[in-house]
Amino acid sequence: MRKRQRLLLQDDGGENFWPSFTDLISTVAMILFVLVLLAYIQNLIAGKQLQATRTQLDANARLMSAARGQLDQAQLRLRALSAEIKAGQEQLALSRAQVEAQQASISLSNTELADLRAKVEGIAVLRVDVLQKVKQSIDAQLQASAGSLPARIADNGNITIDESLVFEVDQYSIRASGKTFLNALAKALSNVLADSNVRQNIDVVLIQGHTDERGSIEYNRELSAKRANAVLNYMFRAEPSLARDYGNYFASSAYSEFRPLSTGKTEAAFQQNRRIEISVVLRDAGIRSVIDEYMRNQTKP
């Protein structure tokens, strides 16, 4: 009985067990295949992502290398720029020092120029004072003797003597009417030169002969020279001390027709141009000495 029951059990179990096991195996195999497929697909995807990541990393590495190169170049430029800035600062400091030195030199030069200007202005004032003294002394003598019509004192201090006062037309002998005037003029010039303060500033008392434009150049120059010499010689005879004490201050010159007072062609214009002028020329030695001293100081180191 028991043996039969086991057989029955075996018959019933064998008929239901194997299909179920097969299905189970198939299911497991299918699951494994799916898992392997998924793993393969995942590996493919992961490989592509890894390749892309590597490519991106390589690109990033190249970018970083380029950035490092640019950074190195920037650092080199920065160091060069820093050196240039330092050199510029040094040059600026040197320039400032030079500017300060130049400003000090300019200030000193301005002071020296102001001093020079003051000295020159002082000499100019002295020149005006000398001319004023000459004019006043001569004017007093002329007004007392000959009046102011035939002889005039110009603003520059020159004494202008009309030809008619001292000469006949085309002559160089002193007229009697001119001798009285020249006597007073010689006395006036002697008085002026007697003042040592005035005399030291006078370079020359120049007697100038002038003619009109009529006649040849040679004739007019000879006539003007003879008239100037005649006036000077007469004053030396009239006032012996003038030649003895101050003769070295006098000179004569012939200007012929080349310095006319009037350019007209009338007889009145010609008469105005025929004249004797006495010019008191003042020294420029004072101004020259001041300027020479200034230039010598400028050449000193």
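The values are calculated or read from the model by the stated rules, or taken from the named source; none is laboratory data. Computed from a predicted structure; not experimentally measured. Using ideal geometry, Cβ is built from the backbone for each residue, glycine included, and neighbour counts are taken over all protein chains shown.
Just checking, which of SER105, SER65, SER20 is in a helix (DSSP H, G or I) and exposed (fewer than 10 other Cβ atoms within 10 Å of the Cβ)?
Values: SER105 fails: exposed (fewer than 10 other Cβ atoms within 10 Å of the Cβ); SER65 fails: exposed (fewer than 10 other Cβ atoms within 10 Å of the Cβ).
Testing whether each residue is in a helix (DSSP H, G or I) and exposed (fewer than 10 other Cβ atoms within 10 Å of the Cβ) leaves just SER20.
Checked across segment 263-272, the condition of being of a type in the set (Phe, Trp, Tyr) and out of contact with any helix residue (DSSP H, G or I) (no Cβ under 9 Å at 6 or more places or on another chain) holds for at least one residue. Here ASP203 meets each of (1) within 48 Å of the chain's Cα centre (by Cα); (2) in a helix (DSSP H, G or I); (3) not aliphatic (A, V, I, L, M) with one exception, condition (2).
Does ALA93 fit the bill of being at pLDDT 85 or above and among the hydrophobic types (A, V, I, L, M, F, W, C)?
Details: at pLDDT 85 or above: yes; among the hydrophobic types (A, V, I, L, M, F, W, C): yes.
Yes, satisfied.
Yes/no per residue for (1) at pLDDT below 85; (2) in a helix (DSSP H, G or I); (3) more than 30 Å from LEU185 (Cβ to Cβ):
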{"residue": "LEU78", "(1), (2), (3)": "yes, yes, yes"}
{"residue": "GLY88", "(1), (2), (3)": "yes, yes, yes"}
{"residue": "GLN98", "(1), (2), (3)": "no, yes, yes"}
{"residue": "GLU112", "(1), (2), (3)": "yes, yes, yes"}
{"residue": "ARG117", "(1), (2), (3)": "yes, yes, yes"}
{"residue": "VAL128", "(1), (2), (3)": "yes, yes, no"}
{"residue": "VAL134", "(1), (2), (3)": "yes, yes, no"}
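Determine whether LEU9 is at pLDDT 55 or above, surrounded by 10 or more Cβ atoms within 10 Å (Cβ to Cβ) and out of contact with any Leu (no Cβ under 9 Å at 6 or more places or on another chain). The answer is no for LEU9.
Right, ALA93: out of contact with any helix residue (DSSP H, G or I) (no Cβ under 9 Å at 6 or more places or on another chain), surrounded by 10 or more Cβ atoms within 10 Å (Cβ to Cβ) and within 30 Å of VAL198 (Cβ to Cβ) or not?
Details: out of contact with any helix residue (DSSP H, G or I) (no Cβ under 9 Å at 6 or more places or on another chain): yes; surrounded by 10 or more Cβ atoms within 10 Å (Cβ to Cβ): yes; within 30 Å of VAL198 (Cβ to Cβ): no.
Criteria not met by ALA93.
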